[in-house]
Amino acid sequence: MGKAAGLTYVDEGEGPVTLFLHGVGTSSHLWRHVIAELRGERRCVAPDLPVHGGSDLREDLSLPALADAIEEFCAELKLGRVDLVANDTGGAVAQHLAVRHPARLRTLTLTNCDVHDDTPPPAFRPTVELAERGELAELVGAVLGRPELLSATAYGQSYEHIDDPAAVVEAYLRPILAKPGGGKAFERLLTSIDAKDMIAIEPQLTLLAVPALVVWGTGDVFFETRWARWLRDTIPGVRKVVEIEGGRLFFPEERAAELVPHLRAFWESEGSGA
């Protein structure tokens with residue numbers, strides 16, 4: 001695990017650079033199974049977004065600022081052009097990165113994520129409201145000691161199955177609260193993610209020519225399949241929409257073996273293969 005531009009990151013393999021972005025409440029750990037399948041043919045780089053994993057806290061946690069943080073990270077590591085793959089809030093960050101720094105992207109793959117005014121999605125609003133009231137950090141702290149409570153949170157809706165709730169807590173939640181001020185920063189992050197920032201980039205998305213793939217789990221209560229079609233109809237670079245039947249928000253972690261073949265085929269078709 002390295003650190004660059006204040007972000008901790010995983011960096012495995014050699015070859016064309018693939019950059020993986022996770023969403024709120026997870027980390028680079030989300031991509032471990034995808035990376036395990038691809039590191040023999042690609043350089044897989046997965047940073048932890050600010051506040052998450054071992055990454056630093058930041059004052060500005062808006063989506064544009066997060067996209068700029070990722071650009072700073074890429075520049076510091078001299079990554080050049082990347083094949084970007086994103087999930088959840090990372091998908092919103094990826095859309096901002098694509099329109100703010102299009103030269104950074106060789107291709108773009110979006111899995112279930114915030115799109116347009118579905119930011120945050122209605123099913124996630126109760127969690128955001130807890131953050132707005134300053135009550136979320138305390139509840140997250142309670143889950144650290146009682147991982148069995150995880151299934152009653154948004155995580156229970158994001159996975160098809162949580163086989164080891166303690167492992168999820170240790171991978172994703174404890175690193176956030178382990179930082180001084182981490183709990184409050186996490187609340188601030190959730191309240192900084194605003195639909196107005198996504199709506200504002202729609203005109204730029206309609207001009208985005210970067211080759212793009214959309215892979216969407218159809219069982220997601222947060223990001224409905226209609227948003228995959230919105231991306232297809234809005235971004236001219238979208239080549240294909242693939243549906244993962246029954247997949248929930250975190251299907252890239254749970255069902256990596258179903259995602260990877262679509263990534264390989266897309267990259268090969270766009271001349272971005274190993």
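With every protein chain present, what is the per residue accessible area of the chain (1.4 Å probe, Å²)? Before the final figure, lay out each step's value.
On the way: 10660 Å² over 274 residues.
On a per-residue basis, 39 Å².
When the dipole is taken about the Cα centre of the chain, and only Lys, Arg (+1) and Asp, Glu (-1) are charged at their Cβ, what size is it in debye, to the nearest 20? Mind dumping the intermediate values first?
On the way: 27 positive and 41 negative charges, 106 e Å.
So the dipole magnitude of the chain works out to roughly 500 debye.
When the Kirkwood hydrodynamic radius is evaluated over all pairs of different C-alpha atoms of the range 5-50, what value in angstrom, to one decimal, is obtained? Could the numbers behind the result be given before it?
Numbers: mean 1/r = 0.0948 Å⁻¹.
About 10.5 Å for the range 5-50.
In degrees between 0 and 90, to the nearest 10, how far off the longest principal axis of the chain does helix 136-145 point, with axes built from Cα atoms?
Long axis of 136-145 versus the principal axis of the chain: about 80 degrees.
In bins 5 Å wide, starting from 0, what share of all Cα pairs of the range 33-181 does each bin hold, as a percent?
Here the calculated profile for the range 33-181 is 2, 8, 15, 19, 22, 17, 11, 6, 1, 0.
Give, rounded to the nearest 20 debye, the magnitude of the charge dipole that the range 124-273 has about its Cα centre when Lys and Arg contribute +1 at Cβ and Asp and Glu contribute -1 at Cβ. Walk me through the numbers on the way to the answer.
Values: 16 positive and 23 negative charges, 72 e Å.
Magnitude of the dipole: close to 340 debye.
What ranking of Asp163, Asp60 comes out by heavy-atom accessible area, probe 1.4 Å, highest first? Don't jump to the answer; show the numbers that get you there.
Numbers: Asp163 145, Asp60 90 Å².
Final ranking, largest accessible area leading: Asp163, Asp60.
Express in nm, to one decimal, how much length is gained between Arg226 and Asp164 on full extension, taking 0.36 nm for each residue of separation and deducting their alpha carbon distance.
Details: separation 62, 0.36 × 62 = 22.32 nm, distance 3.13 nm.
Value of the extension gain: 19.2 nm.
By how many nm would the segment from Ser269 to Ile199 grow when fully extended, if each residue of separation counts as 0.36 nm and the alpha-carbon distance is taken off?
Additional length available on full extension: 22.1 nm.
Relative to the longest principal Cα axis of the chain, at what angle does helix 63-77 sit, 0 to 90 degrees, rounded to 10?
Here the helix axis deviates by roughly 60 degrees.
Select from the range 1-106 those GluC sites (Glu not before Pro) which occupy a DSSP coil region and have at most 14 other Cβ atoms within 10 Å, ordered by residue number. All intermediate terms of the calculation are to be shown ahead of the outcome.
On the way: sites: Glu12, Glu14, Glu37, Glu41, Glu59, Glu71, Glu72, Glu76; in loops: Glu14, Glu41, Glu59.
Qualifying residues, ordered by number: Glu14, Glu59.
Evaluate the charge dipole of the range 10-162 about its Cα centre and quote only its size in Debye, nearest 20, assuming +1 on the Cβ of each Lys and Arg and -1 on the Cβ of each Asp and Glu. All intermediate terms of the calculation are to be shown ahead of the outcome.
Values: 13 positive and 24 negative charges, 86 e Å.
Dipole size: approximately 420 debye.
Which is farthest toward the positive dipole end of the range 6-93 among Ser62, Tyr9, His33, measuring Cα position about the Cα centre, with Cβ charges +1 (Lys, Arg) and -1 (Asp, Glu)?
His33
Carbon-plus-sulfur fraction of the accessible area of the chain, 1.4 Å probe, in percent?
The computed percentage sits at 50.
Testing the spin-label approximation: label points 7 Å from Cα along Cα→Cβ at Ser151 and Lys240. State their distance in nm.
Each label point is offset 7 Å from its Cα along the Cβ direction, giving 3.7 nm.
With the calculation restricted to Cα positions, what are the radius of gyration and Dmax of the range 138-274 in angstrom?
In order Rg, Dmax, the Cα atoms of the range 138-274 give 17.9, 48 Å.
Scan the range 185-274 for GluC sites (Glu not before Pro) in coil per DSSP, keeping those whose Cβ has at most 10 other Cβ atoms within 10 Å, and list them by number.
Glu245
Assuming a viscosity of 1.002 mPa s and a temperature of 20 °C, what translational diffusion coefficient in µm² per second does Stokes-Einstein assign to the chain, Rh being the Kirkwood radius over Cα pairs? If you can, show how the numbers build up before the last one.
Details: Rh = 18.4 Å.
Approximately 117 µm²/s, per Stokes-Einstein.
The values are calculated or read from the model by the stated rules, or taken from the named source; none is laboratory data. It should be emphasised that the depicted structure is a prediction, and the values quoted were computed from it without experimental measurement. All Cβ positions, even for glycine, are placed from backbone atoms using ideal geometry, and neighbour counts span all protein chains on display. These accessible areas exclude ligands, DNA and RNA; they are computed on the full protein's heavy atoms, side chains included. Shrake-Rupley method; radii C 1.70, N 1.55, O 1.52, S 1.80 Å.
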